[in-house]
Each structure stands twice: as C-alpha cells, then as structure tokens.
Amino acid sequence: MKPWRLVTGLLIVTALLSAPAAIRPTAAQALPPWMEAYRPAMLPDFVPDMAAYEDAPRYTIDLAIAIDEQGVTLTGSQSVIYTNRTGSTPLDEIVFRLYPNLESYGGEMQIGAVTANGEAVDPALDETRSVLRVPLAAALEPGDRLTIKLDYTIVVVPGLSRLYAQFSYLDGVLALPNAYPVLSVYEPGRGWWDETAHTQGDAVYSETGFYTVHVTAPDDLILAASGSEVDLVSNPDGTLTHTYVAALMRDFILVGSTAYVSMSGEQDGVTVTLYYDPARPEAEANTRAGLEIALNSVRHFNAQFGRYPFAELDIVQTPTRAGGIEYPGLIVITDDSWNREDVFFEFVIVHETAHQWWYSLVGNDQRLDPWLDEALAQFAVAVFIREQQGAAAYEAAIESFRSQYNQYLERFPDAVIGQPVEDYTEGGAYFYLVYQKGPLFFADLADEFGYDAVIGMLRDYFAAYRYEVAEPQDMLNSFEATLGEDLNPLFEEWVGPFPVG
C-alpha cells in the first residue's frame, strides 16, 4: 500500500521454514467434485493445482449490502470448512480475525450465532474485538475437519477515513477488504496468530483458501471483487445477487460504486479489468494508459517470475490514502494518481501488480516479515523497468533507491531490513529501510552473482512456495539451492540474524 515519491527525477515507492508446496497433480488427474465450481477462477493450465489443496479452508459467504442515509450495513452468514493441518497438534479452539474492528479500519463488526459442527458455541473476543476465539467441545485432531458457521453484521461509517482509508465509504466508493471473519494462521510452536497492532503497513496474515461468495446489493452498485463472477440474479426488490468464486486466494475483497465503468484487456490468458470514475478529466485516456501498464506488468512478471494462475486481475480506482493497496486478484489505486501524466501512476500499478506474486501467491507474515513481500515488490519495479527500458534504466532505478536510503542514513542510524513493522519507528524507517534499502539487497545479490542468477532464484522460490506461506529461512534455503552457494552471511548482513522471528 504505497504512496510514491519522486527523487532526483526518478520514481520511488514510498509507503508507507515452512514446508515446500505439495507436488501438484497433472492435468489428467481428476479434481474432487466440489472443486469443479472453482474452475472458472483459474487459468486452464492451473486448474489441476487445486487438487493439492483439498484440505485448505473453504469459505461460503452470503452477504447483503444495504445503503441508506445513515450509512452502510452488511449482513452476513458464513460457513467455513476447516481442516487441522498442524501435523501433530490437536486444536481446542479456532481463531478468526475481525479486521473491521481494528482501529485502523474504523468499522463495527458484531458476531451473532456461532456453531461448530452444528453445536452452538460461545466465542470470546479480545480487548480489541478483532480476535475471535471459537472453543471446541472436543479437540480437533490432526487431519480431522469441522464446519464452523457464523452470523455477523458490519457497519461502515460514511465519510470516516482511518489510516489508509482501506475500509471505508468515501465519495460514493465502498471499499470492503476482509468484510467477513477471516481464519487466522496456526503456527506450530507459536499457536494462533493474534497480532493486533496496526499503525502502518499491512494488517492481514492468512492462508490460501477457497471462496464462494454471494453478494446481494443495490442493482446500481457496480462491484469488483477477488476471483471471478460466475452468476448474477435479479431480485424483485431492486437488488442483484452476484456470485463469485475464488480459488487458492488468501483473502477476499469487494469494492463498489454506482459511478464505475470498466475497461478490459487480456495478457497471457488473464483478463485485466480497470474500474474507474468516468466523470474525472480524461478518465478514459488515463484508464487506457493504466491498462497498458497493467498488461505489461503481467507480461513481464509472468516471464521473469512464473505465470499468474488466476483468470482475472482487477484494478480499481478508489479514494484510498495510500498510493495503492494489494489484495488477492485485485488492487486499488488512489484517485490522486489516476492520471497518465502523473509519473506515480505507472509505478504504483507496477508495484501493486507485483504483489500478486509476492504476497498473494507467495504469502508471508506481513507484520513480522514485511520485507519478504514489500522489498521484493519494490525490486520487481526495477525488474519491470529493465524489461521495458533496458539495463541502464534498471541501474538508475536501483540508484534512486540507494539515494533515498542514503538520505535516511544522514539523519538516523542504519538497521537491517528483516525487522517487524512495529520496530520501524524513527524518521520514516519503515519506508527507508524496507522500501528503499530492501530492494538493494536483491540488487546486491545481482551484483555479486549476476542479474540472471537472481531472476532464477526468484523463479525457483516462486515455484516452490506458490499458494504457501514463506518465511525468511525458506527464501534463504531456496536461493542457496538454486545458486549452490552459502548465502547465510549475506542474508545476515542485510536481513538480520537467522533464524528470524
């Protein structure tokens, strides 16, 4: 989620070992019958990937959106099939995250009835009301599964803008990331993830899952969402019910406005759609330019890192106070930079598109290890520049990062890039050390071992951890396996002592 800066004429982003992936089946192998519904959300070559994730969480969500003079009310009912994949630990509770209740989101989420395998349970909320613990009558043994159902309501306060305005109803745009109870992540040896501090950076840490989402909304509200829309039903009360499916995605977002129109293109089989406000000056020309940038981003990152497996990617104009924010299958870009004459426009699209590889597909704990996705997405901007403009432009982009980082060092002490978000507190340290120093780590690897070697390392890392959660040790192990070199000294110099955490 990145505002942008221009330094010495060059654009800079400002913003602010799990096991390797399971062996994937061949196209000839049959999918479990329930997975067939998710086929439209995947490119044909990647449909077989789903079969390796039969035990991933399965969400079915029914959500109704009501908008009136008082604001926006969401009424939801959710069923989640959850499998204990810890390997050895019985679970006596399941933890959900209620992100709208974070102060940085500014919403109001209330939980109603909750059942586990049909039995009513009495869940507990923490003091932030964003961690919901669902107790189980009997421990869920490794490999066993259960179904948890939750009813809930959410109120979105119109005009309220907290932190990045990522969860908001502003200027007629309804932004609804994580507008449902999101399963937390169980980490062996650590337990359920329950971090609630969110003063900067990204808030969400979640695992890949399957989503079927039915959204009933006013018929004039144009919606964009993670995944693919597979059905649309007109109701007698003037609403429409949209059905979306999303396979192997980490979380789910909806964005809506009565003003939106869309423009689409295709790259490598992926439909890329931009949603924009046509009332703004030169809206169509600006959006056409943005579409070309997005298509080029998909093309270059497919070639350099590995193919994007989903059928769609949406890019949505919103009043976010960040330059852009990434979500699985969808990114939002601020109104302020939706302008082809604004040099920030290209780079925010490129950076956020790169997050489809580094965050959405290869996941990480964004609070503990923000550099794993942010520094990589920033380095990916330089990769894009190299593919578009050549090696000299790439070097100029790297030097622009270095210039910003050096400016920070003139005023503040240095630190490694591998700290948690909350540890970067002084003088914009999160921006300077993660977003500016961070990509220099990958550039340093390129200087020592060659640019092509770094691209090869990233390609192998992506292939090994696509749809998974990666930790710093995973990246180190993967890079060393590709390169055949001991990289521990370099990682410790840049990232910090290993093991990290």
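Any read-out appearing in this document is the output of simple, stated calculations on the displayed coordinates, not a laboratory observation. All of these numbers come straight from a predicted model, not from anything done at the bench. Cβ: placed from backbone, ideal geometry, glycine included. Neighbour counts: every protein chain shown.
Observations, loosely collected:
- Positive-end ranking of Tyr308, Pro420, Thr115 along the dipole of the chain, with charges on Cβ about the Cα centre, is headed by Tyr308.
- Taking amide H as placed 1.01 Å from N in the peptide plane, the amide H of Thr258 sits under 5 Å from that of Ile222, each at least 5 places away or on another chain.
- With R₀ fixed at 60 Å, the C-beta to C-beta distance from Asp444 to Thr83 puts the FRET efficiency at about 0.90.
- Spin-label pair Asn302/Ser161, simplified geometry with 7 Å Cα→Cβ offset, distance in nm: 3.7
- Residues with amide H under 5 Å from that of Ser184, placed H, sequence gap 5 or more: Val95, Phe96, Arg97
- Local charge for Gln110 was computed over the other residues whose Cβ lies under 12 Å away, with Lys and Arg +1 and Asp and Glu -1, and equals -1.
- Placing a label point 7 Å from the Cα of Ala137 along the Cα-to-Cβ direction, none of the residues of the stretch 46-84 has a backbone N under 15 Å of that point.
- Placing pseudo-labels 7 Å out from each Cα toward the beta carbon at Asp151 and Val261 gives an inter-label distance of 4.3 nm.
- Among Arg386, Arg190, Arg97, a tally of other beta-carbon atoms within 10 Å of each Cβ gives an order, fewest to most, of Arg190, Arg386, Arg97.
- Between Glu119 and Asp460, the simple spin-label model (points 7 angstrom out along Cα→Cβ) gives 4.9 nm.
- Subtracting the Cα-Cα distance of Asp336 and Leu31 from 0.36 nm times their residue separation leaves 105.3 nm of extension gain.
- Dipole of the chain computed with +1 at Lys/Arg Cβ and -1 at Asp/Glu Cβ about the Cα centre; of Thr318, Thr243, Trp358, farthest Cα towards the positive end is Thr243.
- The relative contact order of the stretch 415-501, computed from alpha carbon pairs under 8 Å that lie at least 6 residues apart in sequence, is 37 percent.
- Computed from the C-alpha gyration tensor, the three semi-axes of the ellipsoid equivalent to the stretch 57-206 are 29, 17, 12 Å, from longest to shortest.
- Loop sites in the stretch 422-471: GluC sites (Glu not before Pro), DSSP, at most 15 other Cβ within 10 Å: Glu426
- Under a 5 Å amide H cut-off, with hydrogens placed 1.01 Å from N, Asp144 pairs with Asn84 among residues at least 5 apart or on other chains.
- In the list (1) 26.9, 91; (2) 28.1, 112; (3) 21.8, 66, the label attached to Rg and Dmax of the Cα atoms in Å as derived from the coordinates here is (3).
- Computed magnitude of the charge dipole of the chain (debye, nearest 20; Cβ of K, R +1, Cβ of D, E -1): 380
- If you look at the Cα atoms of the stretch 360-484, you get an Rg and a Dmax of 14.4, 40 Å.
- FRET E, pair Asp237, Glu485, Förster distance 60 Å, beta-carbon r, rounded to 0.05: 0.40
- When both the stretch 100-156 and the stretch 221-264 are represented by their alpha-carbon centers, they are found 25 Å apart.
- Segment Thr75..Asp171, full-extension length gain: 32.3 nm, with 0.36 nm per residue of separation and the alpha-carbon distance subtracted.
- Annotation for the stretch 395-466: trypsin sites (Lys or Arg not before Pro) lying in DSSP loop with at most 10 further Cβ atoms inside 10 Å of their Cβ are Arg411.
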